[in-house]
Amino acid sequence: FSQVTELKEVLITAVNYKYLNAVDSEQNAMTVKQLEEKVAMFNLKGSEFYNDEYETYNISFYIPDGKILAAYDKDGNLVRTIEKFKNVKLPKAVRDAIAKRFPNWSMTSDVYKVSFHIDKGVAKKQYKVTLKNGNETMKVKLDEKGNFK
């Protein structure tokens, strides 16, 4: 006595797809991607923070390894973000650039920073890596392509 029911196909998309396209990277850690997806899918108007008197809303998102401060307009559109994550897996281009330029140094920690603004349509990504060689330490900055800053 079973029934077969066909349901219409449902397509779920992020309201803030421009943000997801700008920050998307195959190299990003899963936790970073998941938090960025939460930022993109956040329903401002359905949240406890919404009050139609304000023009901009600043909402913070946290995980143990990082945080995202996101600004939304009164319609729930993502306007800009500032993101910071500690000790994420570095992209291959960044790892290779460091290994080539500093062959006897080891990476001890890193910070991944991202800033996104809707008007620019792109995300600025930067890695700050702490290197160690014996008793010496240094910090270097690189973009996601492995270019030193």
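The values are calculated or read from the model by the stated rules, or taken from the named source; none is laboratory data. Predicted model, so just to flag it, every value in this text is computed and none were measured. A quick note on method: Cβ atoms are made from the backbone with ideal geometry, for glycine too, and the neighbour counts reach across all protein chains shown. Keep in mind that these areas ignore ligands, DNA and RNA; they rest on the heavy atoms of the full protein, side chains included. Shrake-Rupley method; radii C 1.70, N 1.55, O 1.52, S 1.80 Å.
Assorted remarks:
- Gained length - Thr108 relative to Met41, 0.36 nm times residue gap less alpha-carbon distance: 20.7 nm
- Cβ-placed point charges (K, R +1; D, E -1), dipole of the chain about Cα centre in debye, nearest 20: 1060
- Inter-site label distance for Thr31 and Tyr54 at 7 Å from Cα along Cβ, in nm: 2.7
- Per-residue [θ]222 nm for the chain (sum of -39500 (n - 2.57) over DSSP H runs n ≥ 4, rounded to 500): -5500 deg cm²/dmol
- Solvent-accessible area of the chain (1.4 angstrom probe, protein heavy atoms only): carbon and sulfur portion equals 48 percent.
- The residue list Ile68, Val140, Ser47 was ranked by how far each Cα lies along the charge dipole of the chain toward its positive end, using unit charges on Cβ atoms, and Val140 comes out on top.
- R0 of 25 Å, Cβ-Cβ distance Ile63-Asn135: FRET efficiency to nearest 0.05: 0.15
- Using alpha-carbon coordinates, inclination of helix 92-101 to the longest axis of the chain, degrees: 10
- When the residues Lys128, Lys89 are ordered by accessible surface, computed with a 1.4 Å probe over the protein chains alone, the sequence from largest down reads Lys89, Lys128.
- Per-peptide packing, taken as the mean over residues of other Cβ atoms within 10 Å, places 71-78, 47-54 in the sequence 71-78, 47-54 from highest down.
- Alpha-carbon Debye profile of the chain, log10 I(q)/I(0) at 0.18, 0.20 Å⁻¹: -1.02, -1.18
- Applying 1/(1 + (r/R0)^6) with R0 = 25 Å to the Cβ-Cβ distance of Lys74 and Ser115 gives a FRET efficiency near 0.70.
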